[in-house]
1. Summarise the accessible area of region 38-86 (1.4 Å probe, protein heavy atoms) by the percent that is carbon and sulfur.
2. Suppose R0 equals 25 Å. What FRET efficiency, 1/(1 + (r/R0)^6) with r the Cβ-Cβ distance, do E78 and A33 give to the nearest 0.05?
Amino acid sequence: MTTMTYSPNLTTLAASPTLSSCHPQDLPWVPWAMPGAAFKLLSLEPSAQRFSLLIKVAANAPAPRHRHVGAVEGMVLEGSFFYDDAPEAIYQAGTYLLERAGAVHRPVSHTGAVMFLVFHGAIEGLNDADEVIGKIDWRWHEKAWKAALIPPITEDTTHNREELLNPR
């Protein structure tokens, strides 16, 4: 079975239809689900529930406690962070991480951080009783990315924003 990877930012190379690339430095930062954070959508693979992001977190941004439905693999590119239940383990630039499915934690960054992350499933926001209060997945990221990059409808535009956000 062939799995399709989608991203509005990837260029599929004519010489190799199985290889795509983009230049993340040319992409804008788009507000993420938590205050003080932004993301760049690199790729989506809906059939596998997988999506790849760059995430930038401001120093002392209030991260929610959350659970990973699928594993997350990542690399800290700039800055550092730790988890509130293990403050002695600080993950600095150059650190690779594998957070397995089911992981529950709250990250903290006093310096801010930029990370490359590959999500293999959704992330569930949790309240203090560990009840799910929100969920973000590949669909959420695709919709947020498109909404941020497609200009609003004005009298001067001829496109239909709903059609662009929800193609058939």
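The values are calculated or read from the model by the stated rules, or taken from the named source; none is laboratory data. Predicted model, so just to flag it, every value in this text is computed and none were measured. Note that we place each Cβ from the backbone using ideal geometry, even for glycine, and neighbour counts take in every protein chain shown. Accessible surface areas use protein heavy atoms only, side chains included; no ligands, DNA or RNA. Shrake-Rupley method; radii C 1.70, N 1.55, O 1.52, S 1.80 Å.
1. About 56 percent, which is the carbon plus sulfur part of the accessible surface.
2. Details: r = 20 Å, r/R0 = 0.81.
Given R0 = 25 Å and the Cβ-Cβ separation, E is 0.80.
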